[in-house]
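Let me begin by presenting the structure, written as structure tokens, before commenting on it.
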Amino acid sequence: SYGHFLDAATIDEVVGEWSRPGSVETLLGEPDTYVQVATDAEDDVVAFAQGAIVEQRPVVGERHWLHVDPAHRGERVGVELLGTMEELFENKGASLIRGLVLAGNEDGTAFYAHHDFEETDARPVEIAGEEYEELVFEKPIGEETPEQIVEAVAGPEGATLFVNFSDAERGGKGPFYPT
């Protein structure tokens with residue numbers, strides 16, 4: 001996601017900081033913080049999303065990370081995580097969802113724009129001692145949301161199915177989405 005504008009040493013430093021012993025456990029122990037993962041058929045993690053409820057008026061569900069393994073992009077994994085995280089935030093009382101992405105991450109900014117998020121702010125963020133621009137995207141959720149996250153998928157015998165990724169139900173091996 002960032003290799004085209006962050007050098008390898010910066011990426012290594014940041015990943016090392018995020019993955020130091022105890023950091024994931026600390027993150028998971030924070031109140032109102034949520035982490036979701038998507039796995040493939042072999043149960044290997046292929047994507048993750050992390051966000052938190054920000055108690056402000058209106059209450060905001062703020063998504064900090066949404067990353068999909070490049071080998072699994074285009075498979076709607078990110079869209080599924082977007083939909084389930086949005087539903088989770090709505091169930092926790094959020095009426096606005098906010099996504100944060102570095103300005104240099106063109107795929108990330110295009111993803112938010114494609115899913116009806118509006119760019120509302122740009123702010124500086126420090127990464128490994130360097131300053132970068134972070135973009136803020138927002139979209140109302142709940143009954144105020146103008147469109148749900150619905151995508152056409154190929155079904156059996158060439159049928160086109162429309163899957164509503166905004167309306168997931170918990171399942172034993174993953175979410176169920178109405179078609």
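The values are calculated or read from the model by the stated rules, or taken from the named source; none is laboratory data. Fair warning: this is a prediction, and the values are worked out from it, not measured in the lab. Ligands, DNA and RNA are stripped out before the accessible areas are found, and what is left, the full protein with its side chains, is counted by its heavy atoms. Shrake-Rupley method; radii C 1.70, N 1.55, O 1.52, S 1.80 Å.
Largest to smallest in accessible area, the residues ASP32, ASP43 fall in the order ASP43, ASP32 (1.4 Å probe, all protein chains included).
Computed over protein heavy atoms with a 1.4 angstrom probe, the accessible surface ordering of GLU62, GLU17, GLU90, largest first, is GLU17, GLU90, GLU62. Rounded, prolate or oblate: which one fits region 21-64, using the alpha carbon gyration tensor with axes a ≥ b ≥ c (rounded when a/c is under 1.5, else prolate when a/b beats b/c, else oblate)? Verdict is oblate for region 21-64.
Taking square-rooted eigenvalues a ≥ b ≥ c of the alpha carbon gyration tensor, is region 37-131 rounded, prolate or oblate, where a/c under 1.5 means rounded and, failing that, a/b exceeding b/c means prolate?
Note, shape of region 37-131 comes out oblate.
Taking only Cα atoms and a 10 Å spring cutoff, compute GNM fluctuations for the chain and point out the largest among GLY158, GLY61, GLY83. Comparing GLY158, GLY61, GLY83 in the GNM, the peak value goes to GLY158.
Counting only heavy atoms of protein chains, what accessible area per residue, in Å², does the chain have with a probe of 1.4 Å? If you can, show how the numbers build up before the last one.
Working: 10730 Å² over 179 residues.
Dividing the accessible area of the chain by its residue count gives 60 Å².
Close amide-amide hydrogen proximity is noted between VAL46 and ALA38, THR39, ASP40, each under 5 Å apart and 5 or more residues distant or on a separate chain (H modeled in the peptide plane; Pro and chain starts excluded). Helices in the chain that qualify as membrane-span-like (whole DSSP H runs, Cα extent of at least 20 Å along the helix axis, mean Kyte-Doolittle hydropathy of -1.0 or higher) are 77-91.
Of the heavy-atom accessible surface of the chain (probe 1.4 angstrom), what whole percent is carbon and sulfur?
Details: 5270 of 10730 Å².
C and S atoms contribute 49 percent here.
Rank ILE127, ILE11 by accessible area, highest first, at a 1.4 Å probe radius?
Numbers: ILE127 30, ILE11 55 Å².
Heavy-atom accessible area, descending, gives ILE11, ILE127.
So, in Å, what gap is there between the alpha-carbon centers of region 2-78 and region 102-130? For region 2-78 versus region 102-130, the Cα centre distance is 15 Å.
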